[in-house]
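Notes to accompany the following structure.
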Amino acid sequence: MPFSPPAADKKILEEGASFTPKFDAHGLIVCVTVEAATGEILMLAYMNALALEKTIETGVAHYWSRSRNELWRKGDTSGQVQKVVEMRVDCDQDALLLRVNAGGDGKACHTGRKSCFYRSVTSTPDGVRLTFADANSP
């Protein structure tokens, strides 16, 4: 395992050099993935310990699919392989940030869009609605 168990000491956790990711009760850690060149948010996914290990070991993004309950190497079916440029961890080590170069046509979303974040939440007199935020169509 390339990382240590969570640090009990807050100072060590927040300021130390040990990578001690905190997984949730389901054994997962959230991961925000952005395009390295632009900083555009591509997707949000989860990793379990195996996905995190494989990502570190191979330099290619691996995630845990909660819907399929299986390890998922991004790009195996879509061709959108994400090569990791940098991995960061937040202050209390319960969230990850991947900066990646996306392969294929660079569309990270399973809907065929570049980003999974293509709709805005808008409050209207008729209630809360979703509107398309950009022309990033499939």
Look at the stretch 63-81 and say how many of its residues are modelled with pLDDT of 95 or more and either touching a Cys at 6+ places or on another chain (Cβ under 8 Å) or closer than 17 Å to Ala36 by Cβ (or both).
1
Checking the condition of a type outside the set (Gly, Ala, Ser), more than 17 Å from the chain's Cα centre (by Cα) and more than 25 Å from Asp134 (Cβ to Cβ), which residue from Asp76, Asp9, Asp94 passes?
Asp9
Among the numbered conditions (1) in contact with a Leu (Cβ under 9 Å, 6 or more places away or on another chain); (2) surrounded by 12 or more Cβ atoms within 10 Å (Cβ to Cβ); (3) farther than 30 Å from Ala8 by Cα, tell me where Val121 comes up short.
(2)
Across (1) within 20 Å of Thr20 (Cβ to Cβ); (2) in contact with a Pro (Cβ under 9 Å, 6 or more places away or on another chain); (3) without any contact (Cβ under 8 Å) to a residue 40 or more places away in the chain, Leu96 clears everything bar (3)
What are the pairs with Cβ atoms under 9 angstrom where one residue, in the stretch 21-45, is over 20 Å from Tyr118 (Cα atoms) and the other, located anywhere, is of a type in the set (Ser, Thr, Tyr) and modelled with pLDDT of 95 or more? Sequence gap at least six, or different chains.
Asp24/Tyr46; His26/Tyr46; Leu28/Tyr46; Ile29/Tyr46
Any idea which of (1) in contact with a His (Cβ under 8 Å, 6 or more places away or on another chain); (2) within 30 Å of Ala8 (Cβ to Cβ); (3) not aliphatic (A, V, I, L, M) is the one Ser78 doesn't satisfy?
(2)
Which ones in the stretch 97-111 are within 13 Å of the chain's Cα centre (by Cα) and outside any strand (DSSP E or B)?
Ala108, Cys109
The residue that is modelled with the highest pLDDT, considering only those in the stretch 5-20 that are surrounded by 12 or more Cβ atoms within 10 Å (Cβ to Cβ) and more than 16 Å from Glu86 (Cα to Cα), is Thr20
Counting just the residues of the stretch 118-138 that are part of a loop (DSSP other than H, G, I, E, B) and more than 18 Å from Ser78 (Cα to Cα), which one comes out modelled with the lowest pLDDT?
Ala135
So, in the stretch 84-105, how many residues would count as being under 30 Å from Ile12 (Cα atoms) and touching a strand residue (DSSP E or B) at 6+ places or on another chain (Cβ under 9 Å)?
15
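The values are calculated or read from the model by the stated rules, or taken from the named source; none is laboratory data. Everything numeric in this text was worked out from a predicted model, so none of it was measured. Using ideal geometry, Cβ is built from the backbone for each residue, glycine included, and neighbour counts are taken over all protein chains shown.
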